[in-house]
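Undergrad: First, the structure itself, so that you have it in front of you.
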């Protein structure tokens, strides 16, 4: 059994990691860290784990992590992993970081989009962007995996086959994405207070969302040109799920069937990517609780634009499930081990 640890075990992403790892046949969770709940049993804070995961929560001190732990999951808020990941690496732990702290390659982007100066720019060059469907060989050799953001996962995978084949006009991409409230994390904020978000639908961080440079960075690696996107996120009064609707112009005329075949071939070795047929469009309920991403295509014959729609569970494929998928690749396990559960 591979022994693993989770730092930030009581947040929404940490809870999902525990749920998934509990059913993983090759993994044993032996250390769970939480600054706010240290000393309490995990099952006291989250009673759904009673009798299944009764670990006592520890303070998040690297020296307290047992030395036989092979992988540490950091499910910490943005900016917090910066303080602990360098120490984990110095102690020879493999790390999967679920924050944004090591996703961007250029340190100056952190000041622009996250509001802080990155204190460990040399590590940025070492981190592997953990979008397994596109980076499997590099993930397998990685010491530090930067787990992708939830919005970027839904958008990059929806566009990769087109961008990689130079089929999209790179300045024409408009992304309209909607997320459930759990994407904001577990710490209470006024905008996500029940009376403020229920029976309401709103755009936020218009033309300024921090996931924008991550999306552009990874799409620009594909094909032969840099990519710029217009990205507008929205908050939907539901707990979990992301639906991204993407509008773009093609560089050459293709039929809808040709495009669907392109996607099917591109992802034929990817167990968690499902390409919808022409009669079905993705919905968040079809992926809820699972590590799947569903992708649908519709060519608008009247305007000539292609509409690509994707759906993921932001807490699973957008966070914890993708982290387990990366772990499987790093450890040489079958990619879908522990992740084969059906959507809710």
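The values are calculated or read from the model by the stated rules, or taken from the named source; none is laboratory data. Please read these numbers as outputs of a predicted model, since none were measured by experiment. A quick note on method: Cβ atoms are made from the backbone with ideal geometry, for glycine too, and the neighbour counts reach across all protein chains shown.
Undergrad: Being within 27 Å of residue 313 (Cα to Cα), in a loop (DSSP other than H, G, I, E, B) and either touching a helix residue (DSSP H, G or I) at 6+ places or on another chain (Cβ under 7 Å) or in contact (Cβ under 8 Å) with a residue 40 or more places away in the chain (or both) is the requirement here; does residue 5 meet it?
TA: So residue 5 fails the test.
Undergrad: Let me ask something additional. Could you please find all residues in segment 151-175 being out of contact with any strand residue (DSSP E or B) (no Cβ under 6 Å at 6 or more places or on another chain), over 21 Å from residue 265 (Cα atoms) and either in the same structural domain as residue 77 (by TED's automatic domain parsing) or not in a loop (DSSP other than H, G, I, E, B) (or both)?
TA: The answer is 152, and nothing else.
Undergrad: Right, something else. Considering only residues of segment 298-313 that are in contact with a helix residue (DSSP H, G or I) (Cβ under 7 Å, 6 or more places away or on another chain) and buried (at least 23 other Cβ atoms within 10 Å of the Cβ), which is farthest from residue 170 (Cα to Cα)?
TA: 312
Undergrad: Which members of segment 239-249 meet the condition of being in a strand (DSSP E or B) and in contact with a helix residue (DSSP H, G or I) (Cβ under 9 Å, 6 or more places away or on another chain)?
TA: 242, 243, 244, 246, 248
Undergrad: Scan segment 211-238 residue by residue and report those that are assigned to a loop (DSSP other than H, G, I, E, B) and closer than 26 Å to residue 285 by Cα.
TA: The answer is 211, 236, 237, 238.
Undergrad: Just one of 136, 178, 141 is modelled with pLDDT of 95 or more and in contact with a strand residue (DSSP E or B) (Cβ under 7 Å, 6 or more places away or on another chain); which is it?
TA: Testing whether each residue is modelled with pLDDT of 95 or more and in contact with a strand residue (DSSP E or B) (Cβ under 7 Å, 6 or more places away or on another chain) leaves just 178.
Undergrad: Sort out which residues of segment 38-47 are under 19 Å from residue 75 (Cα atoms) and either under 25 Å from the mean Cα position of the chain (by Cα) or outside any loop (DSSP other than H, G, I, E, B) (or both), and write them in order of number.
TA: Within segment 38-47, 41, 42, 43, 45, 46 qualify.
Undergrad: Something else about it: Checking residue 42 against (1) surrounded by fewer than 21 Cβ atoms within 10 Å (Cβ to Cβ); (2) free of Cβ contacts under 8 Å to residues at least 60 places away in the same chain; (3) under 24 Å from residue 290 (Cβ atoms): exactly one of these is not met. Which one?
TA: So the condition that residue 42 fails would be (1).
Undergrad: Is there a residue in segment 189-203 that is surrounded by 16 or more Cβ atoms within 10 Å (Cβ to Cβ) and touching a strand residue (DSSP E or B) at 6+ places or on another chain (Cβ under 7 Å)?
TA: Looking through segment 189-203, at least one residue is surrounded by 16 or more Cβ atoms within 10 Å (Cβ to Cβ) and touching a strand residue (DSSP E or B) at 6+ places or on another chain (Cβ under 7 Å).
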